[in-house]
Amino acid sequence: MVENLGVRAIEMKDKDGNVVFRAKDGDLVCKGGIFQNVSVSGDVSVGRLRYNVNTVTDGTSVINGSFIRGGGTYVLPHLKDEEFMRIVVFNPIITRSSPPTELKGEEKMDEFMEAGSSFSTNRETTIVVEGWCELIGTNHLGHTIWVYNNVENNQN
């Protein structure tokens, strides 16, 4: 429809006349905005990436971010075939009474496996994190396996 109207570009400006949105010749320039449920094919170059910290800590709702900070119980999502997800957990131990971070899967068959362990060994359905932990999840035979690595600084 737009082509029939002879439009070659779409441009939006702010009150000062600065271009804040432009769609022209297959390129899109946007100075800010919120995009929801976006799929990207091809490469993505990022100058700086800022994560929103997870806000769901009730132990029954699936997390709504890729970065978890602080103690509480968090449910990691069940993943579909051919889907991967990376989660970073940061739970600094401030005092001996700092609460741990407990992670569990969304479905009963979802499991956790420590990095470097054998794929055929027993896996856990819940893990507790104190400090810094990174996880990679993928679907395998209908259930999600979260491979985790506790990051240590190796300082005495």
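Every read-out reported here was derived from the displayed coordinates using simple, explicitly stated rules and does not represent laboratory data. Since we're looking at a predicted model, the values are computed, not measured. Note that we place each Cβ from the backbone using ideal geometry, even for glycine, and neighbour counts take in every protein chain shown.
Modelled label positions at Asp43 and Phe90, each set 7 Å beyond Cα in the direction of Cβ, lie 2.8 nm from each other. Taking a straight Cα-Cα cut-off under 28 Å and skipping sequence neighbours fewer than 8 places away in the same chain, the lysines within cross-link reach of Lys108 are Lys80. Note that segment 68-138, at 25 °C in a medium of 0.890 mPa s, gets a Stokes-Einstein diffusion coefficient of 188 µm²/s from its Kirkwood radius over C-alpha pairs. The mean sequence distance of close C-alpha pairs (under 8 Å, at least 6 residues apart), as a share of the length of the chain, puts its relative contact order at 16 percent.
For segment 40-156, give me the percentage of DSSP beta bridges that are antiparallel, rounded to the nearest 5 percent. All intermediate terms of the calculation are to be shown ahead of the outcome.
Values: 22 of 37 bridges.
Percent antiparallel among DSSP bridges in segment 40-156 is about 60.
Of all DSSP-defined beta bridges confined to segment 113-156, some 80% are antiparallel rather than parallel. Net length available on complete extension from Thr125 to Lys15 is 34.2 nm, with 0.36 nm assigned per residue and the Cα-Cα distance removed. Spread over its residues, the convex hull of the C-alpha atoms of segment 14-156 is 200 Å³ per residue.
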